[in-house]
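The values are calculated or read from the model by the stated rules, or taken from the named source; none is laboratory data. Note that this is a predicted model, so its numbers are computed, not measured. Here the Cβ positions follow ideal geometry from the backbone for every residue, glycine too, while neighbour counts run over all protein chains shown.
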Amino acid sequence: MPRDSFVSFRTLALFVLVPPLAVVALLLLPLTLLVLAVLYSRGAHEARLESATERSRGPTEN
């Protein structure tokens, strides 16, 4: 039995869906890197503040 279409629906779906998903991935990659950089920066800043306050307090009593 001959087919009526040139390509299957699966191939058509991949052709239609993959480019928008690639665009979304390209948009989300810089956003993800930015969020990671902000979180790393915030953690490093808090660690510096914490170590500075511990040094200013002096030795702790146990």
Checklist outcome for this item: Exactly one of Glu46, Glu54, Glu61 is surrounded by 10 or more Cβ atoms within 10 Å (Cβ to Cβ), over 15 Å from the mean Cα position of the chain (by Cα) and modelled with pLDDT under 85, and that residue is Glu54
Item to check | Among (1) among the charged types (D, E, K, R); (2) surrounded by 10 or more Cβ atoms within 10 Å (Cβ to Cβ); (3) at pLDDT below 85, the one test that Asp4 misses | outcome: (2)
